[in-house]
Amino acid sequence: LYSKGKIATQVTNEICEVYGDDAVSVRVAQQWFARFRSGNFVVRDAPRSGRPIVEKVDEIMEKIDQDHHISSHEIAKKLSIHRQTVLNHLKKASYKKKLDVWAPHELPVKNLMHRI
């Protein structure tokens with residue numbers, strides 16, 4: 001739509017008609033148009049500085065499957081990642097340490113019904 005000579009507000013209105021009012025704001029459309037005017041037509045994110053995101057979820061889960069008694073400290077040390085990263089991934093996978101064993105956390109039906 002930029003190449004057709006339309007302005008950002010027109011494009012915003014057209015997009016919002018099709019995809020809903022929250023699809024894009026005028027400000028975001030203006031930022032994209034400024035980018036296109038400068039000759040940058042790349043729509044992928046530019047590389048960023050800082051620590052790269054490295055997912056080791058499969059490796060963490062593999063360690064748990066191999067040894068249900070392994071500690072988060074041991075997993076972190078073996079995978080060269082921070083202990084909190086291990087705990088975050090285990091929490092997302094609904095794992096809890098119960099009686100020194102990692103186990104999937106499942107709610108009893110009684111407690112589950114209270115959440116509904």
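Coordinate-derived values only; no laboratory data. The model shown is predicted, which means the values in this text are computed figures rather than measured ones. As a convention, Cβ positions derive from the backbone with ideal geometry for all residues, glycine included, and neighbour counts pool all protein chains shown.
Taking the alpha-carbon set of segment 57-104, what are its Rg and Dmax in Å?
Reported Rg and Dmax, both Å: 9.3, 26.
In square nanometres, what is the average projected area of the Cα convex hull of segment 1-46?
About 3.4 nm², averaged over all directions.
Which order do the peptides 40-49, 87-96 come out in when sorted by mean C-beta neighbours inside 10 angstrom, highest first?
87-96, 40-49
Sorted by packing (mean other beta-carbon atoms within 10 Å per residue), highest first, where do 64-70, 7-13 land?
Answer by packing, highest mean first, reads 7-13, 64-70.
Can you give the convex hull volume per residue for the Cα atoms of segment 1-80, as a whole number of Å³?
Output value, Cα hull per residue: 175 Å³.
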